[in-house]
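Notes follow the structure.
Readers should treat all values here as calculations from the given coordinates under stated rules, not as data from a laboratory. Quick caveat, the model's predicted, so the values are computed rather than measured. Here Cβ is always computed from backbone atoms with ideal geometry, including for glycine, and neighbour counts include all displayed protein chains.
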Amino acid sequence: MSENEFEGRIPSSYGDLASLIYLDFSNNHLFGTIPEHLAMGCYSLWSLKLSNNNFSGQLFPAPLINQTSLNYLYLDNNHFWGKIPNCLSNIVRLWELDLSDNNLTGMLPRWLGNISSLVNIAMANNKLEGPIPQELCKLFKLEFLDLSENRLSGSIPSCFNSSHIKHVHLQKNRLSGPLPSAFIDGFTLVTLDLSYNCLTGYLPDWMGNLSTLSILLLRHNLLRGRISPHYAF
């Protein structure tokens, strides 16, 4: 039902569709909160896409105790507010999580590192603050990470497993400290955007050895020193 002119609220009766596996209401004019019955009743749901609407309120007012089959959750470009609820930690098979372009606040939850199936995480353009949790380093399947345009602070964890990660977007935050060795073995890394932060120190030589790196953005930081000849990509 995506890309139509639907408006109003999602009928709670959709929660009666216990065998429903795919629900896509993206790119409409829907508003209101996510019905509690929908969040708890569609326990066979595999993919839920509510992107690009006018939904508001907290992400899920009720625990997602039945959503153990959900692989794809897209709630981006709405007006959701509040903290990322702990009930999302129940979705243990989640592959892709997109909460970008909302008004979410609070810190990134540590339990994200327990959802080992995660491949894509997108939470750009919110009001998230605090450090990037070390627990994200446990996500060995992670390929795409976008935490840009938030209020994240502290240093970038040096423990990121880089065997699969391809795209990292951390620009426009308040990150500080030297460039970490997190991506020293990033043989799959294609995009690394750390621009508009408060990073300090020198450019490490190993960054010039990232053979798959196509986009490196470090503008508007506090980096210094000379550019090594290793940076001849």
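Annotations
- Tally, over region 69-117, of residues that are over 17 Å from residue 49 (Cβ atoms) and outside any strand (DSSP E or B): 17
- Pairs with Cβ under 8 Å, 6+ apart, first in region 6-28 and closer than 22 Å to residue 94 by Cα, second among the β-branched types (Val, Ile, Thr): 25/10
- Condition met for residue 111 (closer than 28 Å to residue 24 by Cα, loosely packed, with under 15 Cβ neighbours inside 10 Å, touching a residue at least 12 places away in the same chain (Cβ under 8 Å) and hydrophobic (A, V, I, L, M, F, W, C)): yes
- Here residue 72 meets each of (1) over 14 Å from the mean Cα position of the chain (by Cα); (2) within 23 Å of residue 2 (Cβ to Cβ); (3) hydroxyl-bearing (Ser, Thr, Tyr) with one exception, condition (1).
- The set of residues in region 24-51 that are farther than 18 Å from residue 102 by Cβ and surrounded by fewer than 18 Cβ atoms within 10 Å (Cβ to Cβ) comprises 24, 36, 37, 40, 43, 44, 46, 47.
- Test set (1) closer than 30 Å to residue 68 by Cα; (2) without any contact (Cβ under 8 Å) to a residue 40 or more places away in the chain - residue 99 fails condition number: (2)
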